[in-house]
1. For the chain, what does the accessible surface come to per residue with a 1.4 Å probe? Please give it in Å².
2. Please sort through the DSSP H helices of the chain and keep those with an alpha-carbon extent of at least 15 Å along the long axis and a Kyte-Doolittle average not below -1.0.
3. Please list 3J(HN,Hα) in residue order for segment 92-103, calculated via the Karplus relation 6.51 cos²θ - 1.76 cosθ + 1.60 where θ = phi - 60°; whole Hz, with x for glycine and proline.
4. With θ taken as phi - 60° and the coefficients 6.51, -1.76 and 1.60, list the Karplus ³J(HN,Hα) couplings across segment 72-81 in order, rounded to whole Hz; mark glycine and proline as x.
5. Tell me whether segment 88-179 comes out rounded, prolate or oblate; compute the Cα gyration tensor, take square roots of the eigenvalues as a ≥ b ≥ c, and use a/c under 1.5 as the rounded threshold.
6. Name the residue, out of ALA126, ALA155, ALA58, whose mean-square fluctuation peaks in a Gaussian network model built on the chain with Cα pairs under 10 Å.
7. Taking the Cα centre of the chain as origin, sum charge times position over the Cβ atoms of Lys and Arg (+1) and Asp and Glu (-1), and report the length of that vector in debye to the nearest 20.
8. Once both labels are modelled 7 Å past Cα along the beta-carbon direction, what's the SER101-LYS113 spacing in nm?
Amino acid sequence: MNFNLQPILENDLCILSPLEENDFEALYKVASDPKIWEQHPNKDRWKKEVFENFFEGAMKSKGAFKIISKETGEVIGSTRFYDFNEEDDSVFIGYTFYAVSCWGKGINQSVKKTMLDYLFQYVSKAKFHIGSENIRSQIAISRVGAKKVAEEEVAYFGEKPKLNFVYQINKEDWKRQKP
């Protein structure tokens, strides 16, 4: 199997390009808005020193992307593939955030669709960790057809464990609904 955790992916709205060290400032420009992190488990990621830890984890994951708007050419957010589990035939999608100016414009749904179309060539299950208080992301992930399957404490890179809900969508269900 030739599953690449960091391909270049593209749709009508965005390009997902592998995150690189020199992307820090452009991504932090987006991440420095406290509103983005209001419902996230770590609400102070907008602070530079906290975001530096998040960015380091993204780089070490070897599955992180910067999301670039095709309309403006600007970095508008980030997401990643992580925790590929060959035995479980699954991979997680997460650590996703977007500039507030991108909210409600279908960008998240188009990015998730692009990522799911790609990964379902290689695995049969996509999973998502969603913070227990992150209602916005819980609604968004249910819109792409994922269902809550578990609750677990998750320790994000360099952070204390926080309660997360685990959502999952299976390849067969994805093919049936194809949003």
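1. Values: 9020 Å² over 179 residues.
For the chain, the per-residue accessible area is 50 Å².
2. On the way: long enough: 48-61 (19 Å, -0.48); 107-119 (18 Å, -0.22).
For the chain, where a helix must reach 15 Å along its axis and average at least -1.0, the hits are 48-61, 107-119.
3. 8, 10, x, 6, 8, 8, 9, 4, 4, 4, 9, 5
4. Values, residue by residue: 10, x, 8, 6, 10, x, 8, 7, 7, 8 Hz.
5. Numbers: a/c = 1.75, a/b = 1.17, b/c = 1.49.
Since a/c reaches 1.5 but b/c is at least a/b, the shape of segment 88-179 is classed as oblate.
6. The residue with the greatest mean-square fluctuation here is ALA155.
7. On the way: 26 positive and 27 negative charges, 132 e Å.
The calculated dipole for the chain is roughly 640 debye.
8. 2.4
The values are calculated or read from the model by the stated rules, or taken from the named source; none is laboratory data. What you see is a predicted model; the values in this text were computed from it and never measured. Note that each Cβ is placed from the backbone with ideal geometry, even for glycine, and that neighbours are counted across all protein chains shown. Note: areas computed on protein heavy atoms with side chains; ligands, DNA, RNA excluded. Shrake-Rupley method; radii C 1.70, N 1.55, O 1.52, S 1.80 Å.
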